[in-house]
Amino acid sequence: MVSPLASALWRWGLGRLDYGTATRSISANLFNALVVRDRHCRFPGCDRPASWTDVHHVVHVHDGGPTCPSNTCLLCRRHHRRLHRPGWSADLKADGELVVTDPAARVLTSHPPGDRARPPPELFAA
């Protein structure tokens, strides 16, 4: 099933966005869709620009996580590496909220940046 976000962005000319578990590689179309949604590193408190980011699979492909907008977000290299360290975890909610838990069980959150026109939150659901 194709997500509403993928359908909307396909209509906007961004092409295929959901690759399932067939690949962990990020297409230019998927990266561009994440730039539309995230605009910068999504780690709470970080604002490094999208051009400095990697795409992070919240649930890794080896653990069954798909390569699609609802399982990926933009993270700068520093925060991408941090989330791969023991004790760190992340969860990406249907509305685009990123919930990060550190090794001390502190919970940090970030939402996709707001004021510019963007698709409504229901388009971010899987």
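Which net charge results when you count Lys and Arg as +1 and Asp and Glu as -1 among the other residues whose beta-carbon is under 13 Å from that of C76? Taking every Cβ under 13 Å from that of C76, the sum is +4. Residue exposure proxy: C41, C76, C46, ordered by other Cβ atoms within 10 angstrom of their Cβ from fewest to most, comes out as C46, C76, C41.
Every read-out reported here was derived from the displayed coordinates using simple, explicitly stated rules and does not represent laboratory data. In this text the structure is predicted, and so the values were computed from the model without any measurement. FYI the Cβ positions are ideal-geometry reconstructions off the backbone, even for glycines, and counts take in every protein chain you see.
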